[in-house]
Amino acid sequence: MRKFLFLVLSLTSFSSMGCSIPWPKGFTFNIEYIAHRGDRLLKNEVPIPIVETELVRGTKANSGGSCEDAGIIKLNLSLPKGSKYRLNQLGFYARVLEGEYPSNIPKTPFMVDNTGIAMFPWLDGAGEKPIDLKLEIFAINQALVIGKPVIVRIKG
């Protein structure tokens, strides 16, 4: 019976399963890592990230799907050539300089894996209010040294 139930549930599609968007994980630092590599962390300049932005809005198809009232702010982060860091060795801050601070952008540093993609979903509702944000994004290393920021605009 359990195997049958598992088979039925695994072959069944639910609209609520269609809107699973991974949040970036929080940035943590390792005291032991800092103790062993502290001098190098303090000497290596934290790079200015290269950021491409994308704003994805939900559909207006009224299909009843779980993502039709959701929006996503997507950041594609990369580092300049010659950087002494990899993306997964840094944390990133996104601070709103202009516009209404959306609840989906964390006020604490976040991490990305080596794909460099960070997605911040929010419920847009039926109204789809316009978005106009000016973000300051900067990197931070394990020794909590902060790099210079890059400023990006997200409109839609």
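Take the residues in region 103-156 that are of a type in the set (Ser, Thr, Tyr) and in contact with a strand residue (DSSP E or B) (Cβ under 7 Å, 6 or more places away or on another chain); name whichever of them is nearest to PRO49 (Cα to Cα).
Residue satisfying both the conditions and the ranking: THR108.
Among the candidates ILE117, ILE131, ILE105, ILE137, which residue alone is aliphatic (A, V, I, L, M) and closer than 17 Å to VAL46 by Cβ?
Unique residue meeting the criteria: ILE137.
Please go through region 125-142 and give me each residue that is buried (at least 17 other Cβ atoms within 10 Å of the Cβ) and modelled with pLDDT under 85, ordered by number.
ILE131, GLN142
Looking only at region 77-117, count how many residues are aliphatic (A, V, I, L, M) and farther than 19 Å from GLN142 by Cα.
Matching residues across region 77-117 total 4.
Mind listing just one residue for me: the one in region 68-98 that is modelled with pLDDT under 85 and within 18 Å of the chain's Cα centre (by Cα) and, of those, farthest from GLY156 (Cα to Cα)?
ALA70
The values are calculated or read from the model by the stated rules, or taken from the named source; none is laboratory data. No experiment lies behind these values; they were computed from the predicted model shown. We place every Cβ from the backbone using ideal geometry, glycine too, and count neighbours over all the protein chains shown.
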